[in-house]
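The values are calculated or read from the model by the stated rules, or taken from the named source; none is laboratory data. On a predicted model such as this, the values are computed, not experimentally measured, just so you know. Please note: Cβ atoms are built from the backbone with ideal geometry, for glycine as well, and neighbour counts cover all protein chains shown. Keep in mind that these areas ignore ligands, DNA and RNA; they rest on the heavy atoms of the full protein, side chains included. Shrake-Rupley method; radii C 1.70, N 1.55, O 1.52, S 1.80 Å.
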Amino acid sequence: MEKLFDNKEHINISLENIVLEYTLSNEAIKNENLKPVYIVFTNTKTRFSKISKLFTGSTLNHVSMGFSELFDELYTFDAANGGFHIEKYDEMKGALYSQYLINIPEDAYALIKDKIKDYDTNRKNTSYNWAGLLNAVTGKHIIKDSDPERMFCSQFVASLFEDVGIKLTKLPINMVKPHELINRKLLTFVKRG
């Protein structure tokens, strides 16, 4: 019998979700052209942030992602702007944050950048997923919402990665709270401020 996979590669096919997950060994990662993506968890100290903390129990209750360690542009869905939003460095002043890094293959990186361009181009068609947020906070599917243009911040970040085959969480993406993305082995801590 021919050996299909060596010990350095793990393949797990979940028939329930029809998702292909993979993890690469350190040797495989060194041979792959990887690109950095930064995931930033924040507490913006706004009224919404304070209310969110009451429900989630977490200080870091907003998440966005970007391609620069310097917070040049961070991409997210937020309630204040009613949908897809590009956060600039000035908007982050005074916010508490924790920044993490994930290195991903170039093809996945390109797909995520293309998806973000699509969201930016169609920004007026996006909206904040209040129903989904209620589901995530309660941990129950109280309200069904499957509109791909309507998301909350952690749903957006998790979906970008899931769309390229990288699962940041075992939870359904429409049920994940920001802090639940931190506890993954895939992310490397960068800095806190």
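Points to keep in mind about this one:
- Pairs where the first residue, in the range 84-95, is of a type in the set (Val, Ile, Thr) and the second is surrounded by fewer than 17 Cβ atoms within 10 Å (Cβ to Cβ) and modelled with pLDDT of 80 or more, C-beta under 7 Å, 6+ apart: 86/73; 86/120
- Pair list, Cβ under 8 Å, 6 or more apart: the range 157-177 residue over 15 Å from residue 64 (Cα atoms) and touching a residue at least 24 places away in the same chain (Cβ under 8 Å), other residue in a loop (DSSP other than H, G, I, E, B) and among the small types (Gly, Ala, Ser): 175/139
- Here residue 184 does not qualify as open to solvent by 80 Å² or more (accessible area, probe 1.4 Å) and at pLDDT below 95.
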